[in-house]
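Working notes, beginning with the structure itself.
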Amino acid sequence: MVTAHTLVRDLLLQADRLGPHAACDTGLRTLLPGESARLRIRGAAETGANAVCAALFCVEPA
């Protein structure tokens, strides 16, 4: 579960960073402040919080 504290543009979980057979059920997402999104991952070798956080990316504000 990801909860935005500010605008999060194009949130993406790069599942391949969690294992060669990992897949995420969603692609790019934009979240407004206070919104949450649940990202489901299948086939991941790494499932710890640090590994998942390292696989999350979004567009940084300019």
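The values are calculated or read from the model by the stated rules, or taken from the named source; none is laboratory data. Treat the numbers as computed from the prediction; the structure is a model and nothing was measured. Positions of Cβ are backbone-derived with ideal geometry, glycine not excepted, and every protein chain shown enters the neighbour counts. Please note that ligands, DNA and RNA were not included when accessible areas were found on the heavy atoms of the full protein model with its side chains. Shrake-Rupley method; radii C 1.70, N 1.55, O 1.52, S 1.80 Å.
If you roll a 1.4 Å probe over the chain with all protein chains in place, what percent of the accessible area is carbon or sulfur? Result for the chain: 53 percent of the exposed heavy-atom area is carbon or sulfur. Converting phi to 3J(HN,Hα) with the Karplus coefficients 6.51, -1.76 and 1.60 and the offset θ = phi - 60°, segment 38-43 yields 9, 10, 9, 10, 10, x Hz in sequence order, with x at every glycine or proline. Distance from a point 7 Å along Cα→Cβ of His5 to each backbone N in segment 33-62: keep the residues under 12 Å and list them by number. Counting only backbone N, you get 34. Applying both filters, DSSP loop and at most 12 other Cβ atoms within 10 Å, to the trypsin sites (Lys or Arg not before Pro) of segment 12-54 gives Arg38, Arg40. The residues of the chain have, on average, 70 Å² of accessible surface per residue, using a 1.4 Å probe with all protein chains present.
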